[in-house]
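Below: one structure, written as structure tokens.
Please treat every number below as a calculation from the coordinates, not as lab data. Note that the structure is predicted; figures quoted are calculated from it, not measured. Every residue, glycine as well, gets a Cβ built from its backbone with ideal geometry; the counts of neighbours run over all protein chains shown.
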Amino acid sequence: MAIPESQFEWHQEKNRANIRKHGIRFEDAMRILTTDVLLLLARTGDEDRWKAIDWLEDQVIAVIFTERGGRKRIISARPASRTERRIYNANRREIEMGVQTPEPPWDESKQIPDEEIDFSDIPETEEWEWKYARRMSDPEAFSKELRDAYNAEWRQRQREKLGKAGEAKKP
């Protein structure tokens, strides 16, 4: 199947930096964004960003993207963490196979250990975020209620982090 590249964009220098940092080309990462993926909101300020997790060739990857002007703009892509792979496989099992527990379609021994993954530009998915993950291809399919619930919880957690940081600074 041909991928309509006109639906995607990215900054070329960021692509080169991503290849050096994570070993994943945006040209490859874009392929997972053409199918149903495990999709989560990934807040970073005012703009809604999305984290897509799916299997690409022999590894599971996490891709951060946003939508601008009807196009998906890829921001970063990295190997998925051990937890992200486990939850991806559990989600795949639930969607495709019912209650059976399949072996993952990748060779776990060939996956990059968490200690070698740079999470600086795509943080590992926090435990609370998984309840908002959905299997879909289009972020617009997220309901307003789901977005509002995620955003409310995100704001609350940010306030808690700021409160703890303020308490740590007190003499």
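Can you give me the relative contact order of the range 5-169 as a percent, contacts being Cα pairs under 8 Å and 6 or more apart?
Numbers: 208 pairs, mean separation 39.1, N = 165.
Averaging sequence separation for qualifying contacts and normalising by length gives 24 percent for the range 5-169.
Once every Cα of the range 14-83 carries one equal point scatterer and solvent is ignored, give the base-10 log of I(q)/I(0) from the Debye formula at q = 0.13, 0.27 Å⁻¹, two decimals.
Ignoring solvent entirely, the Cα scatterers give -0.33, -1.37.
Whole-Hz ³J(HN,Hα) for each residue in the range 29-36, computed from phi via Karplus 6.51 cos²θ - 1.76 cosθ + 1.60 with θ = phi - 60°, x for glycine and proline: what do you get?
For the range 29-36, the Karplus-derived couplings read 4, 5, 4, 6, 7, 9, 10, 5 Hz, x marking Gly and Pro.
When the helices in the chain are scored as -39500 (n - 2.57) per DSSP H run of 4 or longer and the sum is shared across all residues, what 222 nm value do you end up with, to the nearest 500 deg cm²/dmol?
Details: 4 runs with 55 residues, N = 171.
For the chain, the value works out to -10500 deg cm²/dmol.
DSSP beta bridges in the range 5-169, what fraction antiparallel, as a percent rounded to 5?
Numbers: 22 of 24 bridges.
Roughly 90 percent of the DSSP beta bridges within the range 5-169 come out antiparallel.
Residue-wise, which Karplus ³J(HN,Hα) couplings in Hz belong to the range 8-25, taking 6.51 cos²θ - 1.76 cosθ + 1.60, θ = phi - 60°, and x for glycine or proline?
Working through the residues one at a time gives 10, 8, 6, 7, 4, 5, 5, 4, 4, 5, 5, 4, 5, 7, 10, x, 10, 7 Hz.
Within a 10 angstrom radius of the beta carbon, how do Ser76, Ser137, Ser6 rank from fewest other beta carbons to most?
Working: Ser76 23, Ser137 14, Ser6 8.
In order of increasing Cβ crowding within 10 Å: Ser6, Ser137, Ser76.
Only one of the listed values, (1) 1.10; (2) 0.98; (3) 1.06, was derived from the coordinates as Rg/Rh (Cα atoms, Kirkwood Rh); which label is it?
Here Rg/Rh (Cα atoms, Kirkwood Rh) agrees with entry (2).
Using the count of nearby Cβ atoms within 10 Å as a rough guide to exposure, how do Phe119, Phe26, Phe8, Phe65 rank from fewest to most? Don't skip to the end; give the middle numbers.
Working: Phe119 11, Phe26 23, Phe8 19, Phe65 26.
By the 10 Å Cβ count, ascending: Phe119, Phe8, Phe26, Phe65.
Please list 3J(HN,Hα) in residue order for the range 51-61, calculated via the Karplus relation 6.51 cos²θ - 1.76 cosθ + 1.60 where θ = phi - 60°; whole Hz, with x for glycine and proline.
These are the phi-based 3J(HN,Hα) values: 10, 10, 10, 7, 8, 10, 6, 10, 8, 9, 10 Hz.
Taking amide H positions as placed in the peptide plane 1.01 Å from N, state which residues far from Glu67 in sequence (5 or more) or on other chains have amide H under 5 Å from it.
Arg73
Using 1/(1 + (r/R0)^6) with R0 = 25 angstrom and r between the beta carbons of Glu160 and Trp130, what's the FRET efficiency to the nearest 0.05?
Numbers: r = 18 Å, r/R0 = 0.74.
Step by step, r from the Cβ atoms, then E = 0.85.
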